[in-house]
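First up is the structure itself, then whatever we jot down about it.
The values are calculated or read from the model by the stated rules, or taken from the named source; none is laboratory data. Since we're looking at a predicted model, the values are computed, not measured. Here Cβ is always computed from backbone atoms with ideal geometry, including for glycine, and neighbour counts include all displayed protein chains. With ligands, DNA and RNA removed, areas are computed over all heavy atoms of the protein, side chains included. Shrake-Rupley method; radii C 1.70, N 1.55, O 1.52, S 1.80 Å.
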Amino acid sequence: MDNFIFSIFPDGMFVDLQLFQYGWEKCDSSHSFGPAKRNHYLFHYILSGKGTLFADGKNGITKTYNVKSFEGFMIFPGQTNTYIADSEIPWEYIWIEFDGLKVRTLLEAAGFTPDTPIYHAKYKSIREQMVHEMMYLKDNRDMPNLHIIGHLYLFIDYLIRSSSNIQYSTGNNIQDGYVQIAIKFIEENFQNNISVEEIADHCKLNRTYFSKLFKKVTGKSPQEFLLSYRMIKANELLKLTDMAIGDIANAVGYENQFHFSRAFKNTYNMSPREWKRQNHIDIGNSSDENEKQLIKEKTDIHE
């Protein structure tokens, strides 16, 4: 289609900041998407034209936002939303869907919440750099994955620094330091049968206080963070190695293969064996063939 470009990022091994899909569309009059819910964060920047966003706030009440060129809007995981192009001057936009362990904190720094989803730029020059990075991603889908992720980080940086709602940190650096110690401990010990109590003890904190602090800073409980990290590592091993499922379970901290398979299925909605069958990369396959297969199997498609 001449008025639609869409790409899926095939690599799920980046933890702090993960790219899922990105694209561009010049919409027809009154073109709409939704109502729908996303599993990840999704940012749209309006290049021209205008439209309307209907999105649920924190209290579940749907709010209406009129959005025009040089503005944007953020959609949050689990949030019900609908967006519609104007009937007379339909919008043209570019989008990026992303997530990661540090994304919530980054977006809060830019002033984005479910009740404040609209992007207004405070600095034109930085906004233009942000748009340049979004367009770069759209036009350079064949670049190496690490290169693409590098430009995603630049996009996030420009998004935060250009936002008129930027929130300058007033947080407790000591609290952030405890969380960083905990994350480092998880990264170094996820393959062992570690517990939240052990992580809290490593940080020299009470378990209850530690759990509240960790969720406040990261948006995830320690259990959720540890599970997410283990599943990402399992994803990597299933995709890139020929290790047996039981060996992979042990490698990511599960002594019981059944418990690992149940956790994996709860995360990816399929068994490790089925996921490996669909996503395993053989050395002889071309990148084009892999990408076609990923696009075919991806179900969360942006219209």
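The table for this structure:
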read-out	value
Neighbour-limited loop hits for chymotrypsin sites (Phe, Trp or Tyr not before Pro), segment 154-259 (at most 13 other Cβ within 10 Å; DSSP other than H, G, I, E, B)	168
Top positive-direction residue, dipole computed over segment 119-266 with Cβ charges, set 251, 223, 211	211
Gain upon complete extension [residue 277, residue 102; 0.36 nm per residue less C-alpha separation]	60.0 nm
Overall form of segment 143-287 per C-alpha gyration tensor (a/c, 1.5; a/b vs b/c)	oblate
Potential lengthening between residue 125 and residue 66 on full extension [0.36 nm per residue; Cα-Cα distance subtracted]	18.9 nm
Mean residue ellipticity (222 nm) of the chain, computed from DSSP H runs ≥ 4 via -39,500 (n - 2.57), nearest 500	-14000 deg cm²/dmol
Those residues of segment 21-62 whose amide nitrogen sits under 18 Å from the label point placed on residue 89, 7 Å along Cα→Cβ	26-31, 45-53
Reachable lysines, given that their alpha-carbon falls under 18 Å from the alpha-carbon of residue 215 and they are not under 8 places away in the same chain	58, 102, 184, 204
Full-stretch length increase - residue 250, residue 181 - with 0.36 nm per residue and alpha-carbon distance subtracted	22.4 nm
In nm, spacing of pseudo-spin labels at residue 5 and residue 257 (7 Å Cα→C-beta vector)	4.6 nm
Rg [Å, one decimal], Dmax [Å, integer] - the chain, C-alpha atoms	20.5, 61
√(5λ) per eigenvalue of the Cα gyration tensor, segment 59-201, largest first, Å	32, 20, 16
Reduced Cα scattering model of segment 125-206, Debye log10 I(q)/I(0), q = 0.15, 0.23, 0.26 Å⁻¹	-0.79, -0.95, -1.10
Spacing of the two label points (7 Å from each Cα toward its C-beta) at residue 224 and residue 30, in nm	4.0 nm
Carbon and sulfur %, accessible surface of segment 85-206 computed with the full protein complex present, 1.4 Å	51 percent
Low-density loop cleavage sites - trypsin sites (Lys or Arg not before Pro) in segment 70-131, where at most 13 other Cβ are within 10 Å (DSSP)	122
Only Lys, Arg (+1) and Asp, Glu (-1) charged, at Cβ; segment 67-172 dipole about Cα centre in debye	340 debye
Student exercise, the chain dipole from Lys, Arg, Asp, Glu Cβ charges, in Debye to nearest 20	920 debye
Distance (nanometres) between label positions extended 7 Å along Cα→Cβ at residue 216 and residue 241	3.8 nm
